[in-house]
1. Hey, with R₀ at 25 Å, roughly what FRET efficiency would K207 and D17 work out to, going by the Cβ-Cβ distance, to 0.05?
2. For the range 375-397 and the range 276-347, what is the separation of their Cα centres, given in Å?
3. Rg/Rh for the chain to two decimals, with Rh computed the Kirkwood way over all alpha-carbon pairs.
4. Could you list which residues have their amide H under 5 Å from that of I132, counting only those 5 or more apart in sequence or on another chain, with H placed in the peptide plane?
5. Taking the inverse of the average 1/r across all pairs of different Cα atoms in the range 254-438, what Kirkwood radius in Å do you get?
6. Return an integer: the convex hull volume of the alpha-carbon atoms of the range 338-494, in Å³ per residue.
7. Report, in debye and to the nearest 20, how large the dipole of the range 398-499 comes out about its Cα centre when Lys and Arg carry +1 and Asp and Glu carry -1 on their Cβ.
8. Could you name the lysines in cross-link range of K33, using Cα to Cα under 18 Å and dropping any fewer than eight places away on the same chain?
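The values are calculated or read from the model by the stated rules, or taken from the named source; none is laboratory data. Since the structure is predicted, the reported quantities are computational estimates derived from the model, not experimental observations. Cβ placement follows ideal geometry from the backbone for every residue including glycine, while neighbour counts extend to all protein chains displayed. Surface areas here come from the heavy atoms of the whole protein model, side chains and all, with no ligands, DNA or RNA. Shrake-Rupley method; radii C 1.70, N 1.55, O 1.52, S 1.80 Å.
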Amino acid sequence: MADQYGHFIAGRAVPGDSGRFGDVFNPSLGEVKARVALASSAEVDRAVQAAAAAQPDWAAVNPQRRARVMFQFKALVEANMDELARLLSEEHGKVVADAKGDLQRGLEVIEFACGIPHLLKGEYTEGAGPRIDVYSMRQPLGVAAGITPFNFPAMIPMWMFGIAVACGNSFVLKPSEKDPGVPLRLAELFLEAGGPEGVLNVVNGDKEAVDAILTHPGISAVSFVGSSDIAQYVYATGTAHGKRVQAMGGAKNHGIVLPDADLDQAVSDIVGAAYGSAGERCMALPVAVAVGDGTADRLIERLVPEVEKLKVGISTDPDAHYGPVVTAAHRERIERYIQMGVDEGAELVMDGRGFELQGYEQGFFIGPSLFDRVTPDMETYRDEIFGPVLQVMRADTVEEAVRLPSQHQYGNGVAIFTRNGQAAREFAKRVNVGMVGINVPIPVPVAYHTFGGWKRSAFGDTNQHGTEGIRFYTHVKTVTQRWPEGQEPEQSFIIPTMQ
Ligand code: NAD
């Protein structure tokens, strides 16, 4: 196992020469497992130069052959699934089965990208005017870059480079410095799959590398996923430097429980979605809104024994429901929010603070917490906690329940639990949130649809993957052609129209 991570530039692992490093932890053990080089702007520039040099030849490869590289890449990731999942789980802390889910959701985007010959087909109008035909084509942008968060170190990089390179771009990935092992392995596997040197590059780093990407004149588009303040900064800075930018941010997803819901199923779904991956998912369900006091009491009554059953363990424990959080600092932040909830007057039904796993006392573990009677004025409700903390709210009416997610600063996902089709349909239509689940707790759209939230959950106007992804990584060129048939030369000083 590497004890020092560098970068992957022009098809080669390079050690990094900035002299700056970050720590990569094994959160289950609470120990530093490796150092990661933090790139200088000169190193980012080297990656961009390598990407720019490789891009024209890659774009000239016909789309079917690019698709074959994607097919081969998918096969290699599958062949290395166990090793990748273990590495991911070791650095992130999510349990191995969940790490496989992270890889699999990324592979589903690669499968979508395998259809690139079809997806890049343009449009054609024959006879748009006398002897005039018009056609449009989608062409790659050049060099694109991706900046990704720690919580999905496989899926989110694949959301981005999977589509970008299939479209004929080259790519510079700046993954989270907290778990860089899997992104580096993915770049190696892409090379092994036949991806040319320089088409997929990885630079590790922090703000310095991000700023170098956002201001680099050689980069045409930047895709970002992370927390909202940084997303807004990336969007503002990248667009100010003339780049196309999509920047996905944080979330606070609500699960609305109507009185007619199948409560056993809803409780099971909410517990899985609130505490899975220690709550470190942008599509986690950290808020349950019970409609009607009777529903809330029944919900809490059933939640408590289910939450008590949760097993917190090291990430390689096959019986653990969730593992440690990513760093000690993140655990402290979650614990501060729990205290804040108490101070704000919410009822702490279960307190996960102070949890220690026997034999792993240094690990960054935190037990599950459950709050009841959380209200919209509380800071702990307004903010994203990003930990194993479920907040139950009580709404008197469906109207009030719809207002809560609709008026929240974040608008990533929302779910409703009900047996009433009409209520669900109305809810889906009216709620001011980008991704809606109806009796589906984590409504992450499949790869051929698109992923994206509203309000402070996303800046920019194209989503990740699906046809929106193809649009983001290409620009349209429209050609109007006329082939004369031996007539006298024509001249006009009037704007051409189709009269
Ligand atoms: P983060 O914002 O701390 O980091 C994301 C990326 O930004 C990393 O690559 C990091 O190196 C970089 N970065 C950090 N600070 C920076 C700064 N000051 N200037 C420039 N770049 C900086 O996010 P995280 O903690 O890695 O990930 C968790 C967050 O990501 C949560 O808010 C979660 O909701 C969000 N997220 C959103 C989605 C989505 O699709 N909406 C998906 C996954 C995660």
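1. About 0.85, to the nearest 0.05.
2. Taking the Cα centre of the range 276-347 as reference, the centre of the range 375-397 is 11 Å away.
3. 1.03
4. Answer set, sorted by chain and number: G127.
5. Here the Kirkwood hydrodynamic radius works out to 16.6 Å.
6. Looking at the range 338-494, the number lands at 264 Å³ per residue.
7. The dipole magnitude comes to about 560 debye.
8. K94, K178
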